[in-house]
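The values are calculated or read from the model by the stated rules, or taken from the named source; none is laboratory data. Given the structure is predicted, the values throughout are model-derived calculations rather than measurements. Heads up, the Cβs are rebuilt from the backbone with ideal geometry, glycines too, and the neighbour counts pull from every protein chain shown. Quick note on the areas: whole protein, heavy atoms, side chains included, nothing else; ligands and nucleic acids left out. Shrake-Rupley method; radii C 1.70, N 1.55, O 1.52, S 1.80 Å.
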Amino acid sequence: MSGTSSVLKPPADAVAPVRHPDAPPPGELLGAHYGQCFGCGEGQAHGLHLEARAREGVRITAEFTVRAAHQGAPGLAHGGVLATALDESLGSLNWLLRTIAVTGRLETDFVRPVPVDTVLYLEAEVTAVAGRKIYSTATGRIGGPEGPVAVRAEALFIEVKVDHFIDNGRQEEIQAAMSDPDQIRRARAFEVNP
């Protein structure tokens with residue numbers, strides 16, 4: 001990353017991440033953490049519909065197709081959409097840790113333009129943990145895992161309690177998510193949020 005902030009450098013006492021024993025096995029599709037999430041939810045017509053898969057260790061891969069609704073300049077993905085795809089991928093990592101966390105900082109490098117109708121292949125991994133801080137990186141490539149790098153990011157996530165969402169979210173959505181009879185969907189709804 002060019003100009004990486006010192007905030008994104010793990011401290012000397014940081015430890016290697018440990019995958020939770022109940023994390024989905026490598027290769028398993030993680031699914032949306034919340035149906036109305038712009039990044040991964042199926043309830044957003046113009047959302048990214050990003051699909052993430054667990055990998056070995058504390059790593060995921062994901063992909064999404066850039067659609068016309070995701071444009072910034074004519075025929076090219078909007079930079080904010082690409083940053084959202086990186087943030088969503090990085091946030092998915094927390095499901096492998098079974099930790100509720102929110103984005104504290106996200107630094108993104110835009111390496112090359114991403115055309116509409118392109119599949120962006122993303123890889124993300126947690127690199128270190130220090131107390132409530134989770135350090136991670138992600139890369140987005142055009143067309144597949146060996147394609148040219150289009151975007152990169154480094155992030156810092158902060159572990160929070162579920163009260164963070166209850167105290168700050170819109171009550172109708174909080175109640176609907178908490179009332180979901182599916183225990184896993186109920187837990188994942190509160191997995192990540194800015």
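Pairs are defined by a Cβ separation below 8 Å, a sequence spacing of at least 6 or placement on different chains, a first member in segment 123-145 that is in contact (Cβ under 8 Å) with a residue 24 or more places away in the chain and aromatic (Phe, Trp, Tyr), and a second member that is open to solvent by 50 Å² or more (accessible area, probe 1.4 Å) and assigned to a strand (DSSP E or B); the pairs so defined are 135/127. From the set of residues in segment 142-158 that are part of a strand (DSSP E or B), open to solvent by 30 Å² or more (accessible area, probe 1.4 Å) and touching a Leu at 6+ places or on another chain (Cβ under 9 Å), which is farthest from residue 99 (Cα to Cα)? In this case the residue turns out to be 142. In segment 54-100, how many are in contact with a helix residue (DSSP H, G or I) (Cβ under 8 Å, 6 or more places away or on another chain), free of Cβ contacts under 8 Å to residues at least 60 places away in the same chain and under 15 Å from residue 155 (Cα atoms)? Here the count works out to 0. Among the strands (runs of 3 or more DSSP E) confined to segment 22-119, the ones with at least 2 residues that are crowded, with 23+ Cβ neighbours inside 10 Å and of a type outside the set (Gly, Ala, Ser) are located at 59-65.
For segment 165-185, the criterion of being within 19 Å of residue 51 (Cβ to Cβ) and at pLDDT 95 or above is met by no residue. Within segment 118-164, the residues that satisfy the criterion of being on the phi > 0 side of the Ramachandran plot and at pLDDT below 95 are 143, 144. Given the structure, is residue 44 farther than 20 Å from residue 147 by Cα and in contact (Cβ under 8 Å) with a residue 24 or more places away in the chain? No; evaluated as a whole, the condition is false for this residue. Scanning segment 125-141 for residues that are of a type in the set (A, V, I, L, M, F, W, C) and either surrounded by fewer than 19 Cβ atoms within 10 Å (Cβ to Cβ) or outside any strand (DSSP E or B) (or both) gives 128, 130.
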